[in-house]
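Visitor: One structure is given below, represented as C-alpha cells, and several questions about it will come after.
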Amino acid sequence: MKIQKIIATGFGSGLIPFAPGTMGALLATIIWGILSLLLSFNLLWWITIALIVVFTFAGIWATNALEKIWGEDPSRVVVDEMVGVWIALLGVAEGNLYQIVIAFVLFRLFDIFKPFGIRKMESLKGGLGVMMDDILAGIYSLILLVCIRWAIG
C-alpha cells in the first residue's frame, strides 16, 4: 500500500493541508521545469508523454486501491493534477517561462471550475473518474495555450 500512497499523493504533496490539488500541480510543474533545464526540448516532450502515460495508469491503479480506505475521490490524491498539468505543459514553447505559468494557471482554472464536460468525467467510477476530469482539464488547457500562442504569433 505504501507505493500506492506515494503515487496517489504526488510524492506526499497531496498531504499538505491547504490546496492539495494546487500543491500537486505545482510539484509537477517544478519537476517539468527542472527537466526542461536538463534535457533537450525534443527529449523533454517525449519524457512528458511518458510521464503522462505512466502516471495515468499508475494513478488509476493507486486510486482504485486507496478509495477503499480513504473514500471516493479523496482530496489527498493529486496524481491526477500532476498528469493534467503535464498535458497542459506540452503546449509550452521552448524556454518560455511565462507560458509555463500560463499552462499552470489555465490547468488550475479548468480543474477548479470544471466547465465543458469536465465535471461529467467525475461520474466515471474509481480511479478512472479521478484521473479523467483532470486529463480533460489538461487537454482544454493545452488547446487554449496553443491558441494563445498562435494568436500572439
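The values are calculated or read from the model by the stated rules, or taken from the named source; none is laboratory data. Here the structure is a predicted model, which is why all the values come from computation and not from measurement. Glycine gets a Cβ as well: all are built from the backbone with ideal geometry, and neighbour counts include every protein chain shown. SASA here: full protein model, heavy atoms, side chains in, ligands and nucleic acids out. Shrake-Rupley method; radii C 1.70, N 1.55, O 1.52, S 1.80 Å.
Visitor: If you place +1 on the Cβ of every Lys and Arg and -1 on the Cβ of every Asp and Glu, how big does the dipole about the Cα centre of segment 50-97 come out, in debye to the nearest 20?
Guide: The calculated dipole for segment 50-97 is roughly 120 debye.
Visitor: Using the Karplus equation 6.51 cos²θ - 1.76 cosθ + 1.60 (θ = phi - 60°), what ³J(HN,Hα) coupling, rounded to whole Hz, does each residue of segment 48-63 give in order, writing x for Gly and Pro?
Guide: 4, 4, 4, 4, 4, 5, 4, 6, 5, 5, 5, x, 4, 4, 5, 5
Visitor: Size of the dipole of the chain about the Cα centre, Lys and Arg at +1 and Asp and Glu at -1 on the beta carbon, nothing else charged, in debye to 20?
Guide: 100 debye
Visitor: Of Ile100, Gly24, Ile139, whose Cα points farthest to the positive end of the dipole of the chain (charges on the beta-carbon: +1 Lys, Arg; -1 Asp, Glu; origin at the Cα centre)?
Guide: Checking the options against the dipole of the chain, the answer is Gly24.
Visitor: Would you be so kind as to identify which of Gly71, Pro115, Trp46 lies farthest towards the positive end of the dipole of the chain, taking Lys and Arg as +1 and Asp and Glu as -1 on Cβ and the Cα centre as origin?
Guide: Final value for the positive-end residue is Gly71.
Visitor: Something else about it: What FRET efficiency would be calculated for the residue pair Leu38, Arg119, taking the C-beta separation as r and a Förster radius of 25 Å, to the nearest 0.05?
Guide: Details: r = 37 Å, r/R0 = 1.47.
Efficiency for this residue pair is about 0.10.
Visitor: Where only protein heavy atoms count, and the probe is 1.4 Å, what is the accessible area per residue for segment 3-108 in Å²?
Guide: 48 Å²
Visitor: Between Val105 and Glu72, with labels modelled 7 Å along Cα→Cβ, what's the label distance in nm to one decimal, could you check?
Guide: My value for the distance between the label points is 3.5 nm.
Visitor: Assuming a viscosity of 1.567 mPa s and a temperature of 4 °C, what translational diffusion coefficient in µm² per second does Stokes-Einstein assign to segment 104-153, Rh being the Kirkwood radius over Cα pairs?
Guide: 116 µm²/s
Visitor: Just need the relative contact order of the chain here, percent rounded to a whole number, with Cα pairs under 8 Å and 6+ apart.
Guide: Numbers: 219 pairs, mean separation 42.8, N = 153.
Across the chain, relative contact order equals 28 percent.
Visitor: What's the carbon and sulfur percent of the chain's accessible surface, probe 1.4 angstrom, rounded to a whole number? Mind showing how you got there, number by number?
Guide: Numbers: 5890 of 8070 Å².
That share works out to 73 percent.
Visitor: Still on this structure, please answer the following. In Å and from the alpha-carbon atoms only, list the Rg and Dmax of the chain.
Guide: 14.7, 49
Visitor: Using the basic label-point model (7 angstrom from Cα toward the beta carbon), what is the Cys147 to Asn64 distance in nanometres?
Guide: So the two model labels end up 3.5 nm from each other.
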